[in-house]
Every structure is written in structure tokens, then in C-alpha cells.
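Just below is one structure, and these are the notes that go with it.
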Amino acid sequence: MQFKPFLLDTWLDQYEHGIEFNLAASTGPAWTVNEILNLTDERTRHRFLNHKLVYSRPGGADSLREAIAEMQGVPPEAVQIVTGASEALLALMWLVAEPGANVILPLPGFTTFSALPESLGLETRFYRVRRENGFRIDPDEIKRLADSKTKLILVNSPHNPTGATISDDEMEAVHDFAAERGIQLVSDEVYHPIYHGRQTKSAARLPHVTVISDLSKAFSIAGVRTGWMIEHSEKRRRQYWTARAYFSISNTTTGEILSEVAIRKRHSVLGKTQEVASRNLKLLNRFMADHRDVLGWIPPQGGMTAFPWLLSGENDRRFCQAAAEHGILLAPGDCFDAPSHFRLGFAAAGADFSKALDRLGDFMKSWSANMATA
């Protein structure tokens, strides 16, 4: 078994810990432990400070599962806690891996989507989220890729890195197609419910969809490492429980308490992300208009990332490298198999986003001048 290099995390780890303005981050504004605890009552604070640091349950703490179930509109038994959406993807790909099987994935997409099945010998087939198509997720293209060997279809909405979304009707059409053919449909919803136009519902409402999500993106408390799977099939839930028992056993009890607080107080937590993302996206709109001679873009419909491109068509890694030297971190598009693009996160910087754009604008002027004389 061989994993391909994780270009995105290698890039981020190299720069993000000392950079002045991190516009490569895909999360929202950060929270401290104290800020999360201040959302709740004294009884919960006491419980947090005095709970025993022991193993939690492989399925997750009952009270956390109940909170997620209430949020997602499903029974608690449909919820499986995992260590971030990454562990959910690991379990899913392990469970569908068999000789000759294939999975259908978005491209561009988060590296884990393709790296895991490729390492397990699964054939990967990609539907394209194209800028020529307005970064639309096309259900018909997904359907055309499927055959009798297809075991899993993955839809990521809002999509990382483009911010594309799939409508409720389109999701239902893919759901019906997959259900008729016995293909597992997985909906990655780590950016739900952060939208900038058309709102869409969670696919947890559909009986044959496996929903995966976590608290890293829309909730922006990645440090708790809490994720979950919504699964309506009892057979699959037993498989996930067993995989979890082998992979990570359980989450931390500390993280589970903080996670439960954030989910029960989601109006405040998600509201902060939405407010910051919406405000900063307006600033980004103006910035992109001011630099339309160098950059192209399609405004995201959801999430906290955009995926601009250099109009010159050149590989943007050199551009991102030069930006990092000016104190601005962007994520090169080759990390997503789209080398003329770069990912720009517009929520993690919070109130500093305006200053970050000013610095990026200064860099753009010097970059354009250098290109003109090159």
C-alpha cells in the first residue's frame, strides 16, 4: 500500500505556523476553549472540568449523539461519532474496497477523497467541477460514470475548494439513481450550512444517503477532532462501529463535551462563521473586481473558500510561493489537481481579512510588474 504525497498539508505545514496572513485556511474564525464553555451553563462547565479522562464509547457519547441527531433530524441510533470526517472517509473506502471496484469522486477535490481509494487499489473515476460550467456539480455526468462495479459515489456540497453546491432536486436525483443500483451515495457536508445564496438541505433527510460531517469547517473548532456519520442502514452502522473500534477506538472525552456544547449552541457558533464569511466575501468580491485583469474567479455559493485562477494560465505554485514571501499564504491549485488555480480562504482571517487583501493587492502589483518585464 502506497499513499501519494499529501501536497496540501505539506504546503500548509511549511508556512501556516509563522505566516502573517493565512488565506490558505479553509476554516472560519477560531474559538478558544473558554469561549465555547462561556456559551453554556455552570453545570456543564463543572462537568467539563471534572470529568474523568477515560475511553469514550466507540459509537460516541450518548449525549453527543443525541445533540447531533436533533440537529440533523434523525434518530440517535443513526449517528456514529468518528475522529473528524477523515476517519469517516477511511472507514468508507476500506469497506467498499474489493478487486475491480470503482468509486466516483469530484475533481478538483480534497486530497483524501482520491488518495484513500487509490491506496486500496480501487479505480477512481472523476466528475469535473469545471469553471467553464460555472463550477456546477453535474448529476448527469455522475450518472454516466457509474457501472455495475461502482461501489460508492461521493458528493461534497458546499464543495472544497470551489464553493459549488448541488441543489436539493439534483441531490434527490442522484440519490434515486444510486439507490436503484445499490450504489452507496456519500454526502460530505463539512461546510453545511454556510451558504451565500441558494440554501440547501442536509442529505440526512434521504433514506439511502450516508452523510459525513465534522466540526472543523462550518463550526470552526477543528481542534476537538469530532466528526460524525449519519447512516440509516443498520448493517452499515455495525460495520462503521467495528471499523472505529479498530481504527481509533473513541474520541477524547474532553473533545466530546466541547463538541456537544458547540452543537447545542450552534446558533451562536454557526452564526459567527456565517457573519464573518458573508462580510469577508463582499470584500473579496471588490478585490477580485479590482484585479480582473490578472485573476479570474467564480464566486462560491457556499463554504469559506474560493478557487480563483491566473488568467495567464500558468502553474500558480510560483505565484503562491512569491505570495508567501510577502506574508500571504494561499494554497496552490496543484494540491487539488488544478495547477492554474489557487485556494483562497476568506473566513479564517476574521477581522484581519481586509488587511490581508491590502497586502495581497500590493503583492499583485509587484507580481504584475515583474511579469511585464520578464
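None of the figures in this text is laboratory data; all of them are computed from the coordinates on show. The model shown is predicted, which means the values in this text are computed figures rather than measured ones. Note: ideal-geometry Cβ built from the backbone for every residue, glycine included; neighbour counts use all protein chains shown.
Structure above, values below:
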quantity: Length-normalised contact order for the chain - Cα pairs under 8 Å, 6+ apart - percent; calculated: 26
quantity: Among (1) 137; (2) 145; (3) 223, the entry derived from the coordinates for volume of the Cα convex hull per residue in Å³; calculated: (1)
quantity: Modelled FRET efficiency - R0 30 Å, TYR55 with TRP94, Cβ distances, 0.05 increments; calculated: 0.85
quantity: Within the chain, helix-based [θ] at 222 nm, where runs of 4 or more DSSP H residues each add -39,500 (n - 2.57), nearest 500; calculated: -13000 deg cm²/dmol
quantity: Rounded if a/c under 1.5, otherwise prolate or oblate - the stretch 228-374, Cα gyration tensor axes; calculated: prolate
quantity: Distance from the stretch 144-222 to the stretch 327-352 (C-alpha centre basis), Å; calculated: 23
quantity: Estimated FRET transfer efficiency (ARG181, ASP62; beta-carbon r; R0 41 Å; 0.05); calculated: 0.70
quantity: Ranked packing of 48-54, 222-228, most packed first, by mean Cβ within 10 Å; calculated: 222-228, 48-54
quantity: Placed amide H near GLY303: partners under 5 Å, 5+ positions off or other chain; calculated: ILE194, TYR195
quantity: Pair ASN34, SER248: separation of 7 Å Cα→Cβ label points (nm); calculated: 2.8
quantity: Fraction of beta bridges assigned by DSSP in the chain that are antiparallel (%, nearest 5); calculated: 45
